[in-house]
Amino acid sequence: MGLFRYTTRTFAPALLLLAAAAIWWIPFYVLLTVMLKPGSEATKAPFSPPAQLELSNFSRAWQGSGGVGLGASALNSAIITAGSVLALIAVGSISAYVIARQQPRLGTALYLAFVVGILLPAQLGIVPIYVALRQVGLLGTHAGAILLYTGLLLPLSVFLYT
């Protein structure tokens, strides 16, 4: 191998990948600069480096506002995610097993029903879902969010398990 490891044929793709990587890092740069700036400076010039570092932004984010901080939000997200994943594993795997073991016509019909559930946009059911969760008293609760996410992702889970 010589002193210069790139040829004309390999230099252009490498340069293109470096440009793509630079574009990929732009949102992270903006995030880093905005979180280290005071509030007024962050909205005026988000791309410029901070004139002075404002580290109190982190403590304000952790404390939060309205009684909900970053710690409580992370805990809520972990509870809802874990509950939804456990419910999807339990219900999705059992449903997929039953569908896969059915007679060909019935199994195919059930499988296609779940595929249609993937294809239909979730926005079609937003109002009925909201009304149902409100009537049952699960609006704004962990159980309601777990039930919502499990219902929305169950067709995909059954599809992947089958």
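The values are calculated or read from the model by the stated rules, or taken from the named source; none is laboratory data. Source: prediction; values computed, not measured. FYI the Cβ positions are ideal-geometry reconstructions off the backbone, even for glycines, and counts take in every protein chain you see. Heavy atoms of the whole protein, side chains included, go into the accessibility calculation; ligands, DNA and RNA do not. Shrake-Rupley method; radii C 1.70, N 1.55, O 1.52, S 1.80 Å.
List of remarks:
- Taken together, the residues in segment 1-42 that are surrounded by 10 or more Cβ atoms within 10 Å (Cβ to Cβ) and among the polar types (S, T, N, Q) amount to 2.
- In segment 126-162, of all residues being at pLDDT 95 or above and of a type in the set (S, T, N, Q), the one that is most open to solvent (accessible area, probe 1.4 Å) corresponds to Q135.
- Only residues that are in contact (Cβ under 8 Å) with a residue 12 or more places away in the chain and open to solvent by 90 Å² or more (accessible area, probe 1.4 Å) were counted in segment 53-71, giving 3.
- Cβ separations smaller than 6 Å between residues 6+ apart or across chains give the following pairs from segment 131-142 residues that are closer than 19 Å to S77 by Cβ to residues that are open to solvent by 50 Å² or more (accessible area, probe 1.4 Å) and part of a helix (DSSP H, G or I): H142/I79.
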